[in-house]
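Novice: Structure below; questions to follow.
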Amino acid sequence: MFLSVHKNGFTTHSPHLIITNHAPRVDRCIRPGSEPCLQRSREHSQLEAFMNIPVFIDFEASSLDLVASYPIEVGVCMADGTLHDWLIKPHVIWRDWSEKSQQIHGIAPEVLQREGLPISQVTHELNELLHGMTVYCDAWTFDCFWLHRLFKSIRRKPEFQIDSIAVLLNPRQIPRWQGTRNEVVRDMNIQTHRAANDARILHETWKRVQSLKG
């Protein structure tokens, strides 16, 4: 799912703190024959940069109803760009459905029944993948609701936190986000409104926004 910067306003913040991990500093060796030390220094620098790349999550849902809707697909883009995606077989008591939303994400109810994974499996694998992390989304109100509805339906708790991408951006970057995202979608030429693809778009947009000057 994607909601524009204007629509979600980047005004909803969760109380979670961002903890940035840094790899230990490795001093550069200057003595003759120090190439292995230089290599280790470069590797540690690359590791530090990697550790500072956020993990992104995205959901597709039955509708945008914040009472009756439920998640039908969840996608994650890890710091290295690796994608994970799960179609979700709806809980037996979940009945909400929006034809308008289906036209956007293209996932039919019969596909969920045929190819969707059990909620117990999806939640277990999410916890295994994201344990102890904070992951970021672009529509916190909706994504947080769908995440907790998913886990609550089987009385399981997520072992990770979800927060808004707003907390990752400074005041100069926020107005640039939407235009940069549009460029990413155009350049990548991938289907939007599928969870893993949208998480990847967040990943690529964040990287480009970080590189903008001025």
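Novice: Would you mind finding the one in HIS84, HIS105 that is over 16 Å from ILE154 (Cα atoms) and touching a His at 6+ places or on another chain (Cβ under 6 Å)?
Specialist: Just a single option satisfies the conditions, and that option is HIS105.
Novice: From the residues in the range 66-96 that are more than 17 Å from MET133 (Cβ to Cβ) and of a type in the set (D, E, K, R), which one is surrounded by the most Cβ atoms within 10 Å (Cβ to Cβ)?
Specialist: GLU73
Novice: Applying the selection to the range 123-181, what residues are part of a loop (DSSP other than H, G, I, E, B), out of contact with any strand residue (DSSP E or B) (no Cβ under 7 Å at 6 or more places or on another chain) and either of a type in the set (A, V, I, L, M, F, W, C) or in contact (Cβ under 8 Å) with a residue 60 or more places away in the chain (or both)?
Specialist: Result: ASP138, ALA139, SER153, ILE154, LEU169.
Novice: For SER164, indicate whether it is of a type in the set (Gly, Ala, Ser) and buried (at least 21 other Cβ atoms within 10 Å of the Cβ).
Specialist: For SER164, the condition - of a type in the set (Gly, Ala, Ser) and buried (at least 21 other Cβ atoms within 10 Å of the Cβ) - is met.
To keep it simple, each residue is scored yes or no on (1) surrounded by fewer than 15 Cβ atoms within 10 Å (Cβ to Cβ); (2) under 16 Å from the mean Cα position of the chain (by Cα); (3) not β-branched (Val, Ile, Thr).
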{"site": "GLN121", "(1), (2), (3)": "yes, no, yes"}
{"site": "HIS131", "(1), (2), (3)": "yes, yes, yes"}
{"site": "ARG155", "(1), (2), (3)": "yes, no, yes"}
{"site": "PRO171", "(1), (2), (3)": "yes, no, yes"}
{"site": "ARG186", "(1), (2), (3)": "yes, no, yes"}
{"site": "THR192", "(1), (2), (3)": "yes, yes, no"}
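Every read-out reported here was derived from the displayed coordinates using simple, explicitly stated rules and does not represent laboratory data. No experiment lies behind these values; they were computed from the predicted model shown. Glycine also receives a Cβ, built like all others from the backbone with ideal geometry; neighbour counts cover every protein chain displayed.
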